Amino acid sequence: MNNSRACWSARMRSGGIFDIDNKKIQIEEEEERTQAPGFWDDPKSAETQMRKVKTLKNWIDGYHEMKTACEELRLAFDFFKEKAVSENDVDQAYNHAVTLIEDLEMKNMLSKEEDRLGAVVKIVAGAGGTEAQDWAEMLMRMYLRWCERQGFKTEITNFQPGDEAGVKTVTIQTEGETAFGYLKSENGVHRLVRVSPFNAQGKRMTSFASVFVVPLVDDAIEINVNPACLTWETFRSSGAGGQNVNKVETGVRLRYKYKDDETGETGEIAIENTESRSQFGNKDNALRLLKSQLYEMELEKRRKAQAKVEAGKKKIEWGSQIRSYVFDDRRVKDHRTNYQTSNVQAVMDGDINDFIKAYLMAFGREDI
């Protein structure tokens, strides 16, 4: 029963934590802008403004839902003292309220411009042949299942099957509010330890796969692409597993050369897109994915310029090992937050919200 009182205390403080009064004022100000003459003359700007209003309204709705849940918990606790409801009823009300509070706290960690965007998730199998390629496919399934639970729209824009099983690399385009804000926590190297079904001696093997996550830019974000730095290649594409082989070259490979402002060195971005049966459709989406990567590179520059990291504090970097999945010991552990669970199957079925929450609670506050 102490839990219910703790939750009620959190509910009483939540107005300040989530700054709801200020958000109500912001809604009034932003809605006033939508009433200005000629507001829809610039559709792109108008859509951006309407999304801003919608995001703020979603905040208010979420707050009131959480507030109602805490009120119901308080009533359930009072009824329990009068023996009108069972302890199980109070526990259910408590769990529901806590879930809503934590969800709102997670949203509170997503304060950056890019957090509201969709995400591009690229998974690349590490060294290790079929075992690593199978692991990459398992991660692909995990993220697809997680996106399905969140109600996010997904599209596989590039799929290169493994030699015998699994995938060498796959790119998933995810659209949904704050998709990048959540999925940025998955950026890094994921390590699998298990008895390999592909090993004739049944040996325990370790495999790696890299996950790269960048924001999926929308029309509201202006990214300049120099056409002189672009080259295109075309090839015959196939669907997942080698199905639906096209007889024409609809797959496209984009190469973009750029100069690093800091080092002066020349770099290249290569993007393949095979999702559409139309070469023009694949080119359009490849350009969007290029803009997403260029946007992420610009954000990384800003992060480095603003970084004030305390000595010894862990931080995410490209290529760092972030999480281990040890099947035999029934343990999945995140090395950045030390959060772990023994329910390996649930994690592989897409239940990764607790890992995302732990990451945002540990690192998201630095951005606020």
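The values are calculated or read from the model by the stated rules, or taken from the named source; none is laboratory data. Please read these numbers as outputs of a predicted model, since none were measured by experiment. In this analysis, Cβ positions are derived from the backbone assuming ideal geometry, glycine residues included, and neighbour counts consider all displayed protein chains.
Does Gln150 satisfy being farther than 25 Å from Arg51 by Cβ and not aromatic (Phe, Trp, Tyr)?
no
Looking only at segment 91-150, count how many residues are touching a helix residue (DSSP H, G or I) at 6+ places or on another chain (Cβ under 7 Å), of a type outside the set (A, V, I, L, M) and not in a helix (DSSP H, G or I).
Counting residues in segment 91-150 that are touching a helix residue (DSSP H, G or I) at 6+ places or on another chain (Cβ under 7 Å), of a type outside the set (A, V, I, L, M) and not in a helix (DSSP H, G or I) gives 4.
Are there any pairs with C-beta distances below 8 angstrom linking a residue in segment 195-211 that is surrounded by fewer than 20 Cβ atoms within 10 Å (Cβ to Cβ) to a residue that is aromatic (Phe, Trp, Tyr) and modelled with pLDDT of 90 or more, with the two at least 6 apart or on different chains, and if so which?
Note: pairs meeting the criteria are Val195/Phe327; Phe208/Trp135.
Would a scan of segment 299-322 turn up a residue that is at pLDDT 90 or above and more than 20 Å from Asn187 (Cα to Cα)?
Checked against the condition, which is being at pLDDT 90 or above and more than 20 Å from Asn187 (Cα to Cα), segment 299-322 yields no hits at all.
Quickly run through segment 275-288 and pick out the residues that are hydrophobic (A, V, I, L, M, F, W, C) and in contact with a Leu (Cβ under 8 Å, 6 or more places away or on another chain).
Ala286, Leu287 - these are the residues of segment 275-288 that are hydrophobic (A, V, I, L, M, F, W, C) and in contact with a Leu (Cβ under 8 Å, 6 or more places away or on another chain).
If you scan segment 162-177, which residues turn out to be touching a strand residue (DSSP E or B) at 6+ places or on another chain (Cβ under 9 Å) and part of a loop (DSSP other than H, G, I, E, B)?
Of everything in segment 162-177, those that are touching a strand residue (DSSP E or B) at 6+ places or on another chain (Cβ under 9 Å) and part of a loop (DSSP other than H, G, I, E, B) turn out to be Gly162, Gly166, Gly176, Glu177.
Evaluate the following for Leu73: is it in a helix (DSSP H, G or I), modelled with pLDDT under 85 and over 30 Å from Lys291 (Cα atoms)?
Judged against the criteria, Leu73 is not a match.
Tell me, which residue of segment 336-360 that is farther than 18 Å from Glu105 by Cα and of a type in the set (Gly, Ala, Ser) is surrounded by the fewest Cβ atoms within 10 Å (Cβ to Cβ)?
Ser342
Assess whether Ser4 counts as being modelled with pLDDT under 80, surrounded by 18 or more Cβ atoms within 10 Å (Cβ to Cβ) and in contact with a helix residue (DSSP H, G or I) (Cβ under 6 Å, 6 or more places away or on another chain).
The answer is yes for Ser4.
Could you please let me know if Gly62 is assigned to a helix (DSSP H, G or I) and modelled with pLDDT under 70?
Against the criterion (assigned to a helix (DSSP H, G or I) and modelled with pLDDT under 70), Gly62 does not qualify.
Output the number of the condition that Lys83 fails; it satisfies all remaining conditions of (1) outside any helix (DSSP H, G or I); (2) surrounded by 13 or more Cβ atoms within 10 Å (Cβ to Cβ).
With (1) outside any helix (DSSP H, G or I); (2) surrounded by 13 or more Cβ atoms within 10 Å (Cβ to Cβ) applied to Lys83, the lone miss is (2).
Checking Asn226 against (1) surrounded by fewer than 16 Cβ atoms within 10 Å (Cβ to Cβ); (2) in contact with a Lys or Arg (Cβ under 8 Å, 6 or more places away or on another chain); (3) not acidic (Asp, Glu), which single condition isn't satisfied?
For Asn226, the exception is condition (2).
Under 6 Å between Cβ atoms, which residue pairs at least 6 apart in sequence (or on different chains) link something in segment 61-75 that is farther than 11 Å from Ile101 by Cα with a partner that is crowded, with 17+ Cβ neighbours inside 10 Å and of a type in the set (A, V, I, L, M)?
Cβ pairs passing all conditions: Glu72/Ala93; Leu73/Ala93; Leu73/Ala97.
For Gln49, are the conditions met, namely being in a helix (DSSP H, G or I) and crowded, with 17+ Cβ neighbours inside 10 Å?
yes
Restricting attention to segment 229-268, which residues are at pLDDT 65 or above, assigned to a loop (DSSP other than H, G, I, E, B) and surrounded by 14 or more Cβ atoms within 10 Å (Cβ to Cβ)?
Ser237, Thr250
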